[in-house]
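Everything on this sheet refers to the single structure shown next.
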Amino acid sequence: MTPPPAPVDDFDLHGYVDHQLPPARREEVATYLAANPEAAARVADYQSQNQALGAAFEGVLAEPVPPAMLTRRRPWLGAITRIAAALALLFTGGTAGWLAHDSLLAPSAIERTVAEPAAYAHRAFAGEFRHPVEIWGDNEPHLVTWLSSRLGMPVRPPDLNQAGYWLVGGRLLPARGGAAAQFMYQDDKGGRITLYVRTGIIGNSESRFQFFDQQGVRLVYWVDGPVGYALTGPVDREHLLHAAQLAYGQTKR
Amino acid sequence: MDDIAQQISEQIPHLRRYARALARDRTRADDLVQDCLERAWSRLHLWQPGSNLKAWLFTILHNLHANQVRKLKRALDNVPLSESHLSASTPATQMQQLEVKGITDALQRLSEEQRAVVLLVGLEEMSYQEAAKVLDVPIGTVMSRLHRGRERVRQLLADQGQPVLRRVK
């Protein structure tokens, strides 16, 4: 007499769905499913999830691979480019100095030098009631003159009225190898977004929006020549992108 | 060496697909893959020939992603979210797209840990063992995350009153 099969548990059901059971066990589970409609329904749902995932992302597999991904970068070449860029900065009298060497190569560097500090700065000041800014928006000419002189290039807050935001003001922020600026905006309900501006970025002349949206964290950031921008706030994607487009249109070099 | 270059490039479409599903945003996803490849090339000496190259590449990609999420999330953790603001304007077009977005939306509402397992197993068709290797967790953890993740997706899709997409074979 053969012993009765081991009871079927949740993990067996997943193993069945994912074709990861040994053949003998697979058969036992199949027999079990035939007699248990509730379990069979769950298995069918799990299978549908896999199919839906496949359908949702199958297009990506067919996309042509960007050429940049196929070329192997040589570390020493990267180092030489970095040094050259740093030297160029020195000779052109750039105020940003050594910022160069961590913002040159990998896109993740942009996250480190623009997106991440922008997120921290937003966290520090957006909830501030009495002192959200150093210089209020009603003194905009002074704000512009001061920040431009500290950042070493003309920096002015874009007008985001069309997106429903008015300027609260701005402040100077410390940044590795230099300084950065934060402009704060507010809507009629008191919702705040901040625009972080960082100068002295090298090696990324491309201007494209990158959107970060994961579990309530939302920011759009982009690089325009030597300037990096990040717009941060707890607003929906379309809203944030709209404001970012306005900012981009007015700051574009 | 060319052989390894060939093997790596064969994985690029899969890395891109996984990154797209993780990050949702196309640019960010491709940047992740680019970072992953650069890191893989610079650390190729750490890869043991004959071992699972796919799992190794996915591990790098996954860690890059997890680091970014952790940092940015930490940075924004204490920002008070005004709820009224969040729900203030959802354009009508978005409602229309909801049906197509059912599974991807449900995916975004999983925890990072559950999402990774659901994607590695359900989309990339990795074995539980491979997934455990990529995520550097015991296989039992993979199984329980997989179970909780799939149950959550089931529940989310049921709440939307939307049948999961079924394909006629």
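Quick note: the coordinates plus some simple rules give every number you see, no bench work behind them. Computed from a predicted model, the values in this text were never measured in an experiment. Don't worry about glycine lacking a Cβ; one is built from the backbone with ideal geometry, like all the others, and counts go over all protein chains shown.
Each of B:TRP47, B:TRP56 was scored by other Cβ atoms within 10 Å of its Cβ. Arranged with the fewest first, they read B:TRP47, B:TRP56. With Cβ to Cβ distances under 13 Å as the rule, what net charge do the other residues near B:ALA131 carry (K, R +1; D, E -1)? Net charge around B:ALA131: -2. By the gyration tensor of its Cα atoms, with a ≥ b ≥ c the square roots of the eigenvalues, what is the shape of region A:144-204: rounded for a/c under 1.5, prolate for a/b over b/c, or oblate? Because a/c hits 1.5 or more and a/b exceeds b/c, region A:144-204 counts as prolate. Backbone amide hydrogens, once placed in the peptide plane, bring A:ILE135 within less than 5 Å of A:GLY170, excluding anything fewer than 5 places away on its chain.
Evaluating 6.51 cos²θ - 1.76 cosθ + 1.60 at θ = phi - 60° for every residue in region B:20-27, the Karplus couplings come out as 4, 6, 6, 9, 6, 6, 4, 5 Hz, glycine and proline recorded as x.
Given N residues in region A:10-62, what is its alpha carbon radius of gyration divided by 2.2 N^0.38 Å?
After normalising by residue count via 2.2 N^0.38 Å, the value is 1.30.
Taking other Cβ atoms within 10 Å as a rough exposure proxy, A:THR251, B:THR27, A:THR194 sort from fewest to most as B:THR27, A:THR251, A:THR194.
What's the Kirkwood radius of region B:1-77 in Å, using all Cα pairs? Could the numbers behind the result be given before it?
Numbers: mean 1/r = 0.0769 Å⁻¹.
So the Kirkwood estimate lands at 13.0 Å.
Converting phi to 3J(HN,Hα) with the Karplus coefficients 6.51, -1.76 and 1.60 and the offset θ = phi - 60°, region A:140-156 yields 4, x, 5, 4, 5, 4, 5, 5, 4, 5, 6, 8, x, 6, x, 9, 9 Hz in sequence order, with x at every glycine or proline.
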